[in-house]
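Read the structure below first, then the notes.
Any read-out appearing in this document is the output of simple, stated calculations on the displayed coordinates, not a laboratory observation. As the structure is a computational prediction, the values presented were derived from the model and not from experiment. Every residue, glycine among them, receives a Cβ derived from its backbone with ideal geometry; neighbour counts consider all protein chains shown.
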Amino acid sequence: MAKRQVFYSFHFDNDVMRVQLIRNMGIVEGDEPVSPNEWEQLKKKDGGVQKWIDDNIAYRSCVVVLIGEDTANRPWVQYEISKGWNDGKGVLGIYIHNLKCANKVRQGYSGTCSQGPNPFDKVSFNSGPLNGQKLSSVVKCYNPSASDAYADIRSNIDSWVEAAIAARKV
């Protein structure tokens, strides 16, 4: 079976090194992030960021939100969640706070961070039978083992993605 194409949603400034660990696993194919310079250029164009997100989610089967300490509060993450859900994509979350960030280790920190809040608590249904309920009532978040988060994610990410896609087909 071909690798699934996923869109990774995350807080760039805080978590890009952790996200690269997951991308480099090669289990699923993810979108390539824009560089900080490209991101600044997109922000200067009217609708540039939204168009980039829309274009990149369009051909993906799942939105994987990689949840760090501050991910839930990022407006573009909330947009990506809503866009993926409204487009009928599989949607799931993976807590990444127990993955070590090489930059933080070099700075003398443990490399991990605190577990952030569930970003799906910030997005609510605005119609249908679930009107007013939070997306967290139907979207699964996985919290990998603190003892070896990397191995847990590597062993399970493909099945988590498949489960999220299957849940949308019900």
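Based on alpha-carbon atoms, the Kirkwood radius and the radius of gyration of segment 6-86 give Rg/Rh equal to 0.93. Taken one residue at a time, the phi angles of segment 139-151 give Karplus couplings (6.51, -1.76, 1.60, θ = phi - 60°) of 9, 8, 10, 9, 10, x, 3, 5, 6, 7, 4, 4, 5 Hz. Gly and Pro are set to x.
Put in order of Cβ neighbour count within 10 Å, fewest first, the listed residues Lys169, Lys43 become Lys169, Lys43. Rounded to whole numbers, the Karplus 3J(HN,Hα) couplings from phi for segment 115-124 are 5, x, x, 5, x, 6, 6, 8, 10, 10 Hz, using 6.51 cos²θ - 1.76 cosθ + 1.60 with θ = phi - 60°, and x at Gly and Pro.
How much net charge surrounds Gly48 when only other residues with a Cβ under 14 Å from its Cβ are counted (Lys, Arg +1; Asp, Glu -1)?
-1
The eigenvalues of the Cα gyration tensor, multiplied by 5 and square-rooted, give the chain an equivalent ellipsoid with semi-axes of 24, 20, 16 Å from largest to smallest. Computed from backbone phi with θ = phi - 60° and the Karplus coefficients 6.51, -1.76 and 1.60, the 3J(HN,Hα) list for segment 84-97 is x, 5, 5, 8, x, 7, x, 9, 8, x, 10, 6, 10, 5 Hz; x is used for glycine and proline.
Between the amide H of Val63 and those of Phe7, Gly90, Val91, Leu92, distances stay under 5 Å, these residues lying 5 or more places away or on another chain, with hydrogens modeled in the peptide plane.
Rounded to the nearest 20, the size of the Cβ-charge dipole of the chain about its Cα centre is 140 debye, with Lys and Arg at +1 and Asp and Glu at -1.
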